[in-house]
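S.K.: Just passing along the structure, written as structure tokens.
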Amino acid sequence: MPSYTITVNNAEKTVSVDADTPLLWVLRDELGLTGAKYGCGKGLCGACTVQYKGNAIRSCTLPIAAALEENITTIEGLSADLNHPVQQAWMELDVPQCGYCQSGQIISAAALLSKNPAPTEDEINAAMAGNICRCGTYPRIRKAIQLAASKLEE
């Protein structure tokens, strides 16, 4: 079985897995990072979202062999003490309901704000369109993103 060295949350990790093993399973099963969740397995729901090359990507569809170039940021690596503005906004507005999708939602929101610190409502909706919440917390998610954006302006 081949070995791959990837950078996750700014730390190099070496794993021995098949080349087509999805990044999600490497993160969860090989590295014990269980924040990214398995949802649909087809990249449609966003529960498995991580940041790669500054973008929110679906780790369930990205093979490990394609994830070698840059740092991968998971919810565990977004901030060591939960002080990222998106995490703070999520807690302040009590966004989660069941919580299953929330790590993917937070990672997508953080990726959006890293590129666009003052997004419009339409830009928020477009960026978050690939993250599904079966509890319907979308209004609180949008408010939290707006709150995080305002914190970034301070």
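The values are calculated or read from the model by the stated rules, or taken from the named source; none is laboratory data. Here the structure is a predicted model, which is why all the values come from computation and not from measurement. Methodologically, a virtual Cβ is constructed for each residue, glycine included, from the backbone with ideal geometry; neighbour enumeration extends over all protein chains shown. Ligands, DNA and RNA are stripped out before the accessible areas are found, and what is left, the full protein with its side chains, is counted by its heavy atoms. Shrake-Rupley method; radii C 1.70, N 1.55, O 1.52, S 1.80 Å.
S.K.: Taking Cα pairs under 8 Å and at least six residues apart, what relative contact order does segment 85-154 come out at, in percent?
M.R.: Computed over segment 85-154, the figure is 51 percent.
S.K.: Quick one: 3J(HN,Hα) in Hz for segment 12-25, Karplus 6.51/-1.76/1.60 with θ = phi - 60°, rounded, Gly and Pro as x.
M.R.: Working through the residues one at a time gives 6, 9, 10, 10, 10, 8, 5, 4, 8, 5, x, 3, 3, 6 Hz.
S.K.: Throw me the Rg/Rh for segment 1-77, computed over C-alpha atoms with Kirkwood Rh, two decimals.
M.R.: Using only Cα positions, Rg/Rh for segment 1-77 is 0.91.
S.K.: Counting only residues 5 or more places away or on other chains, whose amide H sits under 5 Å from the amide H of Val8 once H atoms are built in the peptide plane?
M.R.: So Val8 has HN proximity to Lys13, Ile72.
S.K.: Still on this structure, please answer the following. For Lys13, go through the lysines and keep the ones whose alpha-carbon is under 22 Å away, minus same-chain ones fewer than eight residues off.
M.R.: Within the straight-line cut-off, Lys13 pairs with Lys37, Lys53.
S.K.: Tell me, what % of the accessible area of segment 15-154 is carbon and sulfur with a 1.4 angstrom probe?
M.R.: Details: 3340 of 6640 Å².
On segment 15-154, the fraction of accessible area on carbon and sulfur atoms equals 50 percent.
S.K.: Separation between the Gln88 and Arg142 pseudo-spin-labels, each 7 Å from Cα along Cα→Cβ, expressed in nm?
M.R.: Taking the two extended label points, one gets 2.4 nm.
S.K.: Still on this structure: Let me have the relative contact order for the chain, percent, based on Cα pairs under 8 Å that are six or more residues apart. Walk me through the intermediate numbers first.
M.R.: On the way: 266 pairs, mean separation 36.3, N = 154.
In percent, rounded to a whole number, it is 24.
S.K.: If you don't mind, there's one more thing I want to ask. Over all pairs of distinct alpha carbons, what does the Kirkwood formula give as the hydrodynamic radius of the chain, in Å?
M.R.: Every distinct Cα pair counted, the radius reaches 15.6 Å.
S.K.: Quick one: what are the phi-derived ³J(HN,Hα) couplings along segment 105-119, Karplus 6.51/-1.76/1.60 with θ = phi - 60°, whole Hz, x for glycine and proline?
M.R.: Per-residue couplings from phi come out as 4, 5, 5, 5, 5, 5, 5, 4, 5, 5, 9, 9, x, 9, x Hz.
S.K.: Then there's this: Can you pull a Stokes-Einstein diffusion coefficient for segment 17-58 at 37 °C (0.692 mPa s), Rh from Kirkwood over Cα pairs, as a whole number of µm²/s? Intermediate values should be presented prior to the final figure.
M.R.: Details: Rh = 10.6 Å.
The Stokes-Einstein estimate is 309 µm²/s.
S.K.: At a 10 angstrom cut-off on C-beta neighbours, averaged per residue, how do the peptides 114-126, 46-58, 85-97 rank from highest to lowest?
M.R.: 46-58, 85-97, 114-126
S.K.: If I model a spin label as a point 7 Å beyond the Cα along the Cα-Cβ vector, how far apart are those points for Ala66 and Leu44 in nm?
M.R.: Inter-label distance under the simple model: 1.8 nm.
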